[in-house]
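One structure is given here, and the rest of the page talks about it.
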2 protein chains.
Amino acid sequence: MLKRSFDSIGWALPVNSSASTKERILTAAEALFAQRGFEAASLRQLTAAAGVNLAAVNYHFGSKDNLVEEVFKRRLDQLNNRRLAALKQVTAQSETTLEDVLGAFIRPALDLSHDGGGGLFMRVLARAFAEHDDSLRKFLSDNYGHVMRQFTTEFAKLLPGLSKEELYWRIDLVTGALTHAMSGFGIIQRKSDVSETTHREQTAEHLIRFAAAGLRAP
Amino acid sequence: MLKRSFDSIGWALPVNSSASTKERILTAAEALFAQRGFEAASLRQLTAAAGVNLAAVNYHFGSKDNLVEEVFKRRLDQLNNRRLAALKQVTAQSETTLEDVLGAFIRPALDLSHDGGGGLFMRVLARAFAEHDDSLRKFLSDNYGHVMRQFTTEFAKLLPGLSKEELYWRIDLVTGALTHAMSGFGIIQRKSDVSETTHREQTAEHLIRFAAAGLRAP
DNA sequence: CGATAAACAAAACGATCGTTTGACTGGTCC
DNA sequence: GGACCAGTCAAACGATCGTTTTGTTTATCG
């Protein structure tokens, strides 16, 4: 198989021994999926990392596929809720700027990369994006659709000169830039003398500045 | 395993029966890797699609890993050459605009998605991006580095007001938007009444307009 | 022609995969 | 106490994986 620099996990998983078996599986799954991908991550690696029996996955989740779906749902619901809450907050202000809405779109996504105990989920999502599965597309559309529609409506208000098609295109490109930044693949790497929080805020600022100008393009 | 809408390939591969075994394997591999991923695509599916014997892969390429690398190299070399040629052409003009350089960066990548017999490679690349493997990062850096440096130099000339760090960030975000657009995952889908060529040119125009504004952001 | 080597094909190899089975545990309720 | 049940565990199942082996065909060249 492909030689990877992490044929063994290499770092200890933060297994909370007091957590339930289900929780421990979910936590380990998120990390392992992010690191190895859905197909390459085996249930034997996963259950060993989680400190549970091999059969526990099929017992608690029915199948590996269901586990994948659960890992997704857990984080996507979080992201959706935070995005909508942030959007509600900025639109409640007397004057809402494009940067405000972009912040509500971008910051919860970047935040997700480091809290909730995981922080690797965005890589999972980036991988899933790339997998380009039709059933995944439908799943994301079902779970993301209403959020994207709300943001699109707000963007449209703030960019009245844009045609619908042009607007869809540009939001799509913003999503691409955001996904790329989140996946951490880009050339920009956090320097060791910058804290994770600071780096995330810098990323958000760069993204918002870039995206705002792109959206406002003539 | 994950239920996919294409558990069987579903469409006939354009296997040129006169092509050499090596070529047929490479062509089939590119399509299958794009569709299923590197890990999920089995040599049995691959060789069946290519119309060659199972052992042919290990005979001609040594291993599945080497095959993956060859698939990459073949397309990346093409992309690098076309980008550099396009860049050389626009910088030879009396006046080079930011849009020109962006076109030289973006158009060869978009073109790659539909010619050369494959057209699925960019999905492969997008997947690879998301896999976030360190060895892959090194591989891409080795094969991409000099091209990116040349483009960065040109961008720097055209955007004298930008700090180096800011410039790196913005080029990275442009790359993200480009990758996303190429992967075809976005909400924007080609309509059936638009030809592939037209759709590609529209994509290029949207991308260039968006990226130029983003790069020029105050 | 005979020799040499590259190319192809069929079959099997050991390993690993997701999943299932059946036994055993500890606790809960009648 | 005995019946019940969710949970855990070791062990095994059949399938599929990448790779190797072994033998045959095909082509090249002295």
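With respect to A:N58, determine if the residue is more than 23 Å from the chain's Cα centre (by Cα) and in a helix (DSSP H, G or I).
Values: more than 23 Å from the chain's Cα centre (by Cα): yes; in a helix (DSSP H, G or I): yes.
Here the answer is yes, as A:N58 does meet what is asked.
Return the only residue of B:F151, B:F210, B:F155 being away from every other protein chain (no Cβ under 11 Å), under 23 Å from A:A212 (Cα atoms), modelled with pLDDT of 95 or more and crowded, with 16+ Cβ neighbours inside 10 Å.
So the residue among B:F151, B:F210, B:F155 that is away from every other protein chain (no Cβ under 11 Å), under 23 Å from A:A212 (Cα atoms), modelled with pLDDT of 95 or more and crowded, with 16+ Cβ neighbours inside 10 Å is B:F155.
Okay, residues lined up against (1) more than 14 Å from chain B (Cβ to nearest Cβ); (2) within 16 Å of DNA strand C (Cβ to nearest atom); (3) at pLDDT 95 or above:
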{"position": "A:E70", "(1), (2), (3)": "no, yes, no"}
{"position": "A:R74", "(1), (2), (3)": "yes, no, no"}
{"position": "A:L87", "(1), (2), (3)": "yes, no, yes"}
{"position": "A:S94", "(1), (2), (3)": "yes, no, no"}
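Which ones in the stretch B:113-127 are modelled with pLDDT of 65 or more and either within 17 Å of B:A204 (Cα to Cα) or surrounded by fewer than 20 Cβ atoms within 10 Å (Cβ to Cβ) (or both)?
Of everything in the stretch B:113-127, those that are modelled with pLDDT of 65 or more and either within 17 Å of B:A204 (Cα to Cα) or surrounded by fewer than 20 Cβ atoms within 10 Å (Cβ to Cβ) (or both) turn out to be B:S113, B:M122.
Give all pairs with beta carbons closer than 6 Å in which a residue from the stretch B:30-51 that is within 12 Å of chain A (Cβ to nearest Cβ) meets a residue that is within 9 Å of DNA strand D (Cβ to nearest atom) and part of a loop (DSSP other than H, G, I, E, B); count only pairs at least 6 apart in sequence or on separate chains.
What qualifies is B:F33/B:A41.
For the stretch A:193-207, enumerate the residues that are of a type in the set (S, T, N, Q) and either outside any helix (DSSP H, G or I) or away from chain B (no Cβ under 12 Å) (or both).
Residues satisfying the conditions are A:S195, A:T197, A:T198.
Could you list, ordered by first residue, the pairs with Cβ atoms under 7 Å in which the first is in the stretch B:147-170 and within 19 Å of B:A104 (Cβ to Cβ) and the second is surrounded by fewer than 18 Cβ atoms within 10 Å (Cβ to Cβ) and of a type in the set (G, A, S), at least 6 apart or interchain?
Listed by first residue and then by second, the contacts come to B:L167/B:A156.
Of all residues in the stretch B:69-101, which are of a type outside the set (D, E), surrounded by fewer than 16 Cβ atoms within 10 Å (Cβ to Cβ) and more than 12 Å from the chain's Cα centre (by Cα)?
B:N81, B:A85, B:K88, B:Q89, B:T91, B:A92, B:Q93, B:S94, B:T97
Can you name the number of the only condition in (1) modelled with pLDDT under 95; (2) surrounded by fewer than 16 Cβ atoms within 10 Å (Cβ to Cβ) that A:L110 fails?
In the conditions (1) modelled with pLDDT under 95; (2) surrounded by fewer than 16 Cβ atoms within 10 Å (Cβ to Cβ), A:L110 misses (2) alone.
Looking only at residues in the stretch B:26-49 that are touching an Asp or Glu at 6+ places or on another chain (Cβ under 9 Å) and modelled with pLDDT of 85 or more, which one is farthest from DNA strand C (Cβ to nearest atom)?
Out of the qualifying residues, it is B:A29.
Whether any residue in the stretch A:163-182 is modelled with pLDDT under 90 and more than 7 Å from chain B (Cβ to nearest Cβ) is what I want to check.
The answer is yes, given that some residue of the stretch A:163-182 is modelled with pLDDT under 90 and more than 7 Å from chain B (Cβ to nearest Cβ).
The values are calculated or read from the model by the stated rules, or taken from the named source; none is laboratory data. Here the structure is a predicted model, which is why all the values come from computation and not from measurement. Here the Cβ is made from the backbone with ideal geometry for all residues, glycine too, and neighbour counts use every protein chain on show.
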